[in-house]
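The values are calculated or read from the model by the stated rules, or taken from the named source; none is laboratory data. Predicted model only: the values in this text are computed from it and were never measured. Neighbour counts run over all protein chains shown; Cβ positions are idealised from the backbone, glycine included.
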Amino acid sequence: MNPVHYQPEAGIAWITINYPPVNAMSVAVRDGLLGAVKAAEADNMSHGIICCEGRTFVAGGDISEFGRPPQQPHLPDVYNYLEASPVTWLAAMHGTVLGGGFELAMACDYRVALQNTRFGLPEVTLGLVPGAGGTQRSPRLLGVELAIDLTTSGRMINATDLLQAGGLDSIIEGELKAGAIEFLQNAGPAPQQVSQREIAPLTSDFFETKKQPVLKAAKGATAPLHNLEAIKWATETSFADGQKKERTLHLQLRNSEQSVALRHAFFAERAVSKPVIIKDTTAREFSNITIVGGGLMGAGISAACLNAGLNVHMIEVDKDAATAGKQRVIKLLDGALKRGKLSRSQYTRHCEALSAGTDYSAARETDIAIEAVVEDLEVKQGVFRSLAEHVPANTIIATNTSYLNPTEIAKGIKNPERILGLHFFSPAHIMKLLEIVNTPATSTEVLATAFAFAKKLRKVGALSGICDGFIGNRMLAAYRRQADYLLADGATPQQIDSAMRNFGLPMGPYELQDLTGLQIGWANRKRLAPTRDPAQRYISIADQLCELNRFGQRSGMGWYRYENGDRTPLPDPLVNDIISNWSAENNINRRNFSEKNIQQSLIAVLANEGARILEEGIAERALDIDMVKIHGYGYPRWRGGPMHTAEQLGKDTIKSILADVTAQSPDSWKIAEIYQ
Ligand code: COA
């Protein structure tokens, strides 16, 4: 069926695009649109309206086509034809008008939209520049400043702001089609085509001054700068030449590593919430959440639930702790109110939906109960028993543990199918990731509800099975262990941190430990000591730092030193001495590691641990691991996640790096089957 419908009606040529789910500009839509415009011309129509069925106006080019050679008709040709058409075209928009959708609107003579419509040129988030005139028409329509802002950030703009910037001719109150007809009836002669408009002259250093801020915000992604460059073309060449250059660059970038990785991330972000195990399972309804524990974690989870419109009851050990816990949540809400993230009425609702106390019987009506108390098996078991005594028999009971086994925590609890782990990341009201930990007894209905809960909280839910640290912290442990081997064998914390920052991570492993504190890692190493394989290399440098009370930023020193409460890590000769003494005591001849050595060995170790996680069935798919690392650990999105990076590097390359890693630390790594 043709996804584009053409119909002349009462003197207006109607073009309706109906290509679910988001009316993406696939080859069939491009073809249909071109045909419809030509049909309107053949009918000698003077005016036409382009609109879409379903939830949105065109939300962009068809991303799934980007991995293949482009097929005719090409989008820029379709839009140029449309713009030059003798028919006066109006785009009547709703939903999210993105990429190729916004480019379509800019090729029309008029643009009207419903109030809650949002617009953007998000190609940059896919490692691209727009491919159909977006960078050449937007500065002519919106001005260079806004065009740079939209194309380099990929952010969306609302209808009011777009109207103010001249990008919309009218915001339609009420019914869109009726409003569009009325607009056309009152419109005078068609305005000048966008591609023919002049751009106001700029100062000679204008683009030079834009470069640094764009580069800084890009954090290693290359597409933002490409977009800036493409906007510059609009200011120095004709539309036709600028568009040609834009198209060439767009097609080139489609094959770039970054764009391939970002497209992988785009589809993985959608697939991660749909693990095979919950296919066709309906989630339960939920509105009342009980959180046990009002510390940093419990307060963050409470705020996240309130922000999602849920009701929260917090339970603490005594009255003072309950009051303090509630205060902690209110403080987070206060901050959001101050920053304009919450309206006054939302703030009031959230405060009313929050209660705190000490009595578990207040949890009678709970749909989901989450324990967020100290990381201690017995304490958590006690909380689970108290919850199970008071909540309805099928209420979901979750543990927020980072390392402990949820099955152990739930030992003796009736109806184990309602038990699972919900591993939040700190600060829980901000961090996107939620690891959903499946136990052998958890029902698929409970898992599906957990994914619905993650979605409600606007988090990326990722399914994990049970192992020490689940997906994320297990990967982190492997990464840190290899970093420690590099340290023991010759690298410095500064070298390793700088290598990983240059790789695209926001921080290196040692700066990060200083930020989060060395205590948890120390406690974990002690916990694991009895079961650690004695043949595995163990680097006790971090333990030595802890023994010297060097716990990181909060204690003023850790792997680095900090002066006057400043957070800038300063190299500490004392730490470097501790490290080289450790090497000497262990008969290690320290050697040099290049930045590439450091990066590759850490990535290979991540790839190996990820492969083992997959082989053990802890993760269902490689993409789940990628999403955990991107949304919980700052792995650069433009690298697609460690499993994607490994795939791009190729199995043989990883294999050979792992051979070096194993030679450096014999008997210390279990190598995944695929890398043997
Ligand atoms: N091309 C191909 N498929 C697309 C698409 C596009 N431009 N945009 C969305 N989809 C698909 C998604 O993969 C998803 O497929 P699935 O149901 O098989 O998982 C489906 O459409 C719905 O998208 P989803 O993101 O889950 O819906 P939403 O309502 O939360 O968000 C959008 C809708 C349009 C805001 C969001 O999908 C989006 O930002 N899309 C990308 C827009 C873009 O980058 N356009 C420029 C392309 S150059």
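What pairs can you find where one residue is in the range 51-66 and in contact (Cβ under 8 Å) with a residue 60 or more places away in the chain and more than 6 Å from the ligand (Cβ to nearest atom), the other is assigned to a helix (DSSP H, G or I) and of a type in the set (D, E, K, R), and their Cβ atoms are less than 9 Å apart, with a gap of 6+ or different chains?
Listed by first residue and then by second, the contacts come to 51/177; 66/254; 66/263.
I need the full set of residues from the range 151-160 which are in a strand (DSSP E or B) and either charged (D, E, K, R) or in contact (Cβ under 8 Å) with a residue 40 or more places away in the chain (or both), in order please.
156, 158
Looking at 215, 163, can you tell me which residue is among the hydrophobic types (A, V, I, L, M, F, W, C), part of a helix (DSSP H, G or I) and surrounded by fewer than 17 Cβ atoms within 10 Å (Cβ to Cβ)?
The unique qualifying residue is 215.
This table checks each residue for (1) more than 28 Å from residue 513 (Cα to Cα); (2) buried (at least 20 other Cβ atoms within 10 Å of the Cβ).
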{"residue": "411", "(1), (2)": "yes, no"}
{"residue": "421", "(1), (2)": "no, yes"}
{"residue": "431", "(1), (2)": "no, no"}
{"residue": "444", "(1), (2)": "yes, no"}
{"residue": "467", "(1), (2)": "no, no"}
{"residue": "488", "(1), (2)": "no, yes"}
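What residue, of 45, 93, 25, is more than 23 Å from residue 243 (Cβ to Cβ), crowded, with 19+ Cβ neighbours inside 10 Å and in contact with a strand residue (DSSP E or B) (Cβ under 8 Å, 6 or more places away or on another chain)? Outline the logic, then answer.
Values: 93 fails: more than 23 Å from residue 243 (Cβ to Cβ); 25 fails: more than 23 Å from residue 243 (Cβ to Cβ).
Step by step, each of 45, 93, 25 is checked, and only 45 is more than 23 Å from residue 243 (Cβ to Cβ), crowded, with 19+ Cβ neighbours inside 10 Å and in contact with a strand residue (DSSP E or B) (Cβ under 8 Å, 6 or more places away or on another chain).
Among the residues of the range 385-424, write down those that are of a type in the set (D, E, K, R) and under 19 Å from residue 618 (Cβ atoms).
Restricting attention to the range 385-424, the residues satisfying the condition of being of a type in the set (D, E, K, R) are 385, 389, 408, 411, 414, 417-418.
Scanning the range 385-424 gives a single hit, 408.
Here are some residues: 227, 255. Which one is within 16 Å of the ligand (Cβ to nearest atom) and either buried (at least 17 other Cβ atoms within 10 Å of the Cβ) or touching a residue at least 12 places away in the same chain (Cβ under 8 Å) (or both)?
That would be 227, the only listed residue that is within 16 Å of the ligand (Cβ to nearest atom) and either buried (at least 17 other Cβ atoms within 10 Å of the Cβ) or touching a residue at least 12 places away in the same chain (Cβ under 8 Å) (or both).
Among (1) modelled with pLDDT under 95; (2) surrounded by 18 or more Cβ atoms within 10 Å (Cβ to Cβ), where does residue 515 come up short?
Answer for residue 515: the failing condition is (2).
Testing residue 83 on (1) touching a Ser or Thr at 6+ places or on another chain (Cβ under 8 Å); (2) near the ligand (Cβ under 10 Å from one of its atoms), one condition comes back false. Which one is that?
Evaluating residue 83 over (1) touching a Ser or Thr at 6+ places or on another chain (Cβ under 8 Å); (2) near the ligand (Cβ under 10 Å from one of its atoms) leaves (2) as the failure.
Of all residues in the range 523-537, how many are touching an Asp or Glu at 6+ places or on another chain (Cβ under 9 Å), loosely packed, with under 15 Cβ neighbours inside 10 Å and part of a loop (DSSP other than H, G, I, E, B)?
The number of residues fulfilling the criteria is 3.
Within the set of pairs 6 or more residues apart or between chains, which connect a residue that is in the same structural domain as residue 90 (by TED's automatic domain parsing) and of a type outside the set (Phe, Trp, Tyr) inside the range 21-33 to a residue that is assigned to a loop (DSSP other than H, G, I, E, B) and more than 11 Å from the ligand (Cβ to nearest atom) with Cβ atoms less than 7 Å apart?
Correct list of pairs: 27/71; 28/3; 29/3; 30/73; 31/73; 32/2; 32/3.
Do we have any residue at all in the range 188-196 that's in a helix (DSSP H, G or I) and either more than 30 Å from residue 13 (Cα to Cα) or of a type in the set (A, V, I, L, M) (or both)? Can you show your working first?
Narrowing the range 188-196 to residues in a helix (DSSP H, G or I): 194-196.
Then drop every residue that is not either more than 30 Å from residue 13 (Cα to Cα) or of a type in the set (A, V, I, L, M) (or both), which leaves 194.
Checked against the condition, which is being in a helix (DSSP H, G or I) and either more than 30 Å from residue 13 (Cα to Cα) or of a type in the set (A, V, I, L, M) (or both), the range 188-196 yields at least one hit.
Quick check on my filter: what residues within the range 158-179 are over 19 Å from residue 107 (Cα atoms) and hydrophobic (A, V, I, L, M, F, W, C)?
Within the range 158-179, 172, 176, 178 meet the criteria.
Give the range 332-349 a look and list any residue that's under 21 Å from residue 297 (Cα atoms), without any contact (Cβ under 8 Å) to a residue 24 or more places away in the chain and assigned to a helix (DSSP H, G or I), or say none.
334, 335, 337, 347
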